[in-house]
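The values are calculated or read from the model by the stated rules, or taken from the named source; none is laboratory data. The structure displayed is predicted, hence computed values, not measured ones. Backbone-built Cβ (ideal geometry, glycine too); neighbour counts: all protein chains shown. All accessible areas refer to the heavy atoms of the entire protein, side chains included, with ligands and DNA or RNA removed. Shrake-Rupley method; radii C 1.70, N 1.55, O 1.52, S 1.80 Å.
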Amino acid sequence: LLQHILQDPRFRTQGFFTRSLDNDVLLAKAKGNTQDEAHQKLLSFFADTLINGTQIQGQVGNPESLHELELPTVQDNSHPGWRKVLLADGPAAFASEIRKHPHILVSDTTWRDAQQSILATRVRTVDLAKIAPYTDVAYRHAYSLECWGGATFDVALRFLHEDPWERLRTLRKLVPNVPFQMLLRSVSGLAYSAVPHNFLEFFTAQAVKNGMDIIRVFDGLNDLSNLSVAIAACLKAGAVVEAAILYTGDMLDPGCKYSLSYYLNLIDGLVLTGAHILAIKSMSGVMKPEAAKVLVSAVRSRYPDIPIHVHTHDAAGTGVATMLACVEAGADLMGRASEPEVRLDGVRAIDSYWAQLRLLYAGFDAKLSGPDPDVYLHEIPGGQLTNLMFQARELGLGSQWKETKAAFVAANLLLGDIIKATPTSKAVGDLAQFMVNSHLTYDDVLARADSLNFPDSVIDYFQGLMGQPFDGFPEPLRTKVLTRAGRAGMAGQASAQLSPIDINQEWQRLRAKHGDSITETDVCSYVMFPEVFTQYRDYLSRFGDIGLIPTQHVLAPLNFGQEITVPLTDGPSVRVELIALQPRPEGEDPPTERTVFFRANGEYRQATVHDLS
Ligand code: 3PY
Ligand code: ZN
């Protein structure tokens, strides 16, 4: 077949006998045809996926179904949606209407926390966009759709090769009626340690401008000064602000340092910031029903007017019981438990879409076999739990997961038995993996701290870039780690101590490097994730925008002889058929170059890629 193609006169006249993928793109560029250039990048993408496997890193095994996802039928819903109230009356009135509302309200986390905790945050925008209009109708009564922030931003750029801002804008257009909610890692923004204050203000303003409604602000150490600074930025940006406390340990255990009075003190401070809503976030799912009842009742009686939003995970299997306890204790309603107004028919229809999607993304599914009360011991947050399990499984060592969990417990104690949510949970996780890989025990770390090369996140934590633990850093470990790293510890709020970023200058610099298409939201991505953003732009120049390619053709190679139609972001869709693959040259091991032959819109084309398989 290959011979046949090579002899085809039409193929020869295309003139694509260039050697490498980059040359193919250059050639198309030289011809001054941007559409041709876009097609060439697309073919390079399919060629690379065929030879080297999916470009969405982290897939273990194959999708369990490659069928087109079936969409539900549209339902009616006469409810106007809470976003109308917000747009008409503003955040404060919105919060007060929420509080007065006689029914419990629901926040759906499928697009953010659920896919982060179950599918390694790999769900692509195109698949969210498909179900978005139905979600806007079926969830019309919902308080919010949590859809952004947390790991979604980083993973979109790093692994999905797509722009998280474009996701926000796309979904916003498709969901005009239900409020959108995001997470903010207090003064870290969406990054892993503090960002300068002026940038935090710029970023949160951009988030609102691009369609965000509600920002839940949490801090990986429950550091009130961090929280206050971040909340002020979000209020200035015009968002509805949820101030969150992170629930850790077992509040009713007298030995636990995170006691009821610890949380109530924190909440007193948060109320003073002017945040519209209080959130209790049990990111690992360790808040037991009885503790939840005590905590929510105490907050409710102290602050009768402020809405309370509870978030938990079902890691130990007690999530539902905890939620019911919170409702009974007065979370987010007028004092009497009342059923939410959820449209079950609509929700069920959407659920069937997600069940199919889960098969498509099966290679990223953490495949939790059921609840595991071990979480009460290790307290690993939901998103991180599956991430660490996944990594342990990828290493293929049966005992690795058990060891990682034990090391996580030891690492948490070494860092001071801290609150654990991004970025502090990452510091604990990185230290745990470092201990497993280097066969270090708790005592080894303490004894050899002056000579160990600790992970960067651990050094950032000890430096004070993630805030201050409420009972101080453990010594002498902190001093030893910082001395070894040549850094000085910071006291007080970190983002105020960082030099402001000249946002215009960054913008000009990025334009000089990547061209005039760079926008202010690109600047935000770059500031928080400089390397990842640069890699993303390099990816675009090699493979183009892959955002609209159907996921079944992104997670699995094309079949020979099957013609598919691929929509492109700029320009009309293109018909692509995979025709032939050059065999690996005899005797040559990878890396080598191989050419793949296609028909695109009826014309023979080729793309040459490095075989790294
Ligand atoms: C994140 O920041 O990614 C979280 O999920 C925190 O719970
Ligand atoms: Zn969560």
Next item on the list: Take the alpha-carbon centre of the range 224-257, take the same for the range 158-194, and report the distance between them in whole Å.
Entry: 20 Å
Note to self: What does the extension gain come out to for Y376 and A298, with contour length at 0.36 nm per residue minus their alpha carbon separation?
What the structure shows: 25.8 nm
Next item on the list: Take the Cα atoms of the chain, find their three principal axes, and give me the spread along each one in whole Å, biggest first.
Entry: 82, 65, 49
Notebook entry, point to check: Once every DSSP H run of n ≥ 4 in the chain is given -39500 (n - 2.57) and the sum is divided by its residues, what mean residue ellipticity at 222 nm do you get, rounded to the nearest 500 deg cm²/dmol?
Noted result: -14000 deg cm²/dmol
Notebook entry, point to check: Where the centre of each part is set by its Cα atoms, how far does the range 114-132 sit from the range 386-435, in angstrom?
Noted result: 25 Å
Next item on the list: Order these peptides, 97-105, 287-295, by their mean beta-carbon neighbour count within 10 angstrom, highest first.
Entry: 287-295, 97-105
Check: If Lys and Arg each add +1 and Asp and Glu each add -1, what is the summed charge of the other residues whose beta carbon sits under 13 Å from the beta carbon of A494?
Finding: -1
Notebook entry, point to check: Once the convex hull of the C-alpha atoms of the range 497-613 is built, how many Å³ does it hold per residue, rounded to a whole number?
Noted result: 160 Å³
Notebook entry, point to check: In the chain, carbon and sulfur make up what percent of the accessible area (probe 1.4 Å)?
Noted result: 54 percent
Check: In nm, to one decimal, how far is the modelled label at A366 from the one at Q535, with both set 7 Å along Cα→Cβ?
Finding: 2.2 nm
Next item on the list: Considering only DSSP beta bridges where both residues belong to the chain, give the percentage that are antiparallel (nearest 5).
Entry: 45 percent
Next item on the list: For the chain, report the accessible area per residue in Å² (1.4 Å probe, heavy atoms, rounded to an integer).
Entry: 40 Å²
Margin query: Can you tell me the length gained on complete extension of the stretch L344 to D444, counting 0.36 nm per residue apart and subtracting the Cα distance?
Written below: 30.6 nm
Notebook entry, point to check: What is the range 295-448 by shape, rounded, prolate or oblate, if you read a ≥ b ≥ c off the alpha carbon gyration tensor as root eigenvalues and call it rounded for a/c under 1.5, prolate for a/b larger than b/c, and oblate otherwise?
Noted result: oblate
Note to self: When 1/r is averaged over all different Cα pairs and the result inverted, which Kirkwood radius in Å belongs to the range 364-523?
What the structure shows: 17.8 Å
Next item on the list: Apply 1/(1 + (r/R0)^6) to the Cβ-Cβ distance of L260 and N601, taking R0 = 51 Å, and write down the FRET efficiency to the nearest 0.05.
Entry: 0.15
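With Cβ to Cβ distances under 15 Å as the rule, what net charge do the other residues near N222 carry (K, R +1; D, E -1)? Intermediate values should be presented prior to the final figure.
On the way: positive: R185, R216, K257, K281, K420; negative: D219, D223, E242, D268, E379, D417, D471.
Net of charged neighbours comes to -2.
Could you state, as a whole-number percent, how many of the C-alpha pairs of the range 125-177 are farther apart than 12 Å? Write down the numbers at each step before the final one.
Details: 884 of 1378 pairs.
Within the range 125-177, distances greater than 12 Å cover 64 percent of Cα pairs.
Arranged from highest to lowest average of other beta-carbon atoms within 10 Å per residue, in what order do the peptides 473-485, 439-451 appear?
Working: 473-485: 16.2, 439-451: 13.4.
Result, highest mean Cβ count within 10 Å first: 473-485, 439-451.
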Notebook entry, point to check: Going 7 Å from the Cα of A321 toward and past its Cβ, which residues in the range 377-396 have a backbone nitrogen under 16 Å from where you end up?
Noted result: 377
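Over the chain, what is the relative contact order in whole percent, taking alpha-carbon pairs under 8 Å and six or more residues apart? Please list the in-between numbers first.
Details: 1082 pairs, mean separation 124.7, N = 613.
Normalised by residue count, the contact order of the chain is 20 percent.
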Checklist line | Neighbour net charge for S425 - beta-carbon separation under 11 angstrom, K R +1, D E -1 | finding: +1
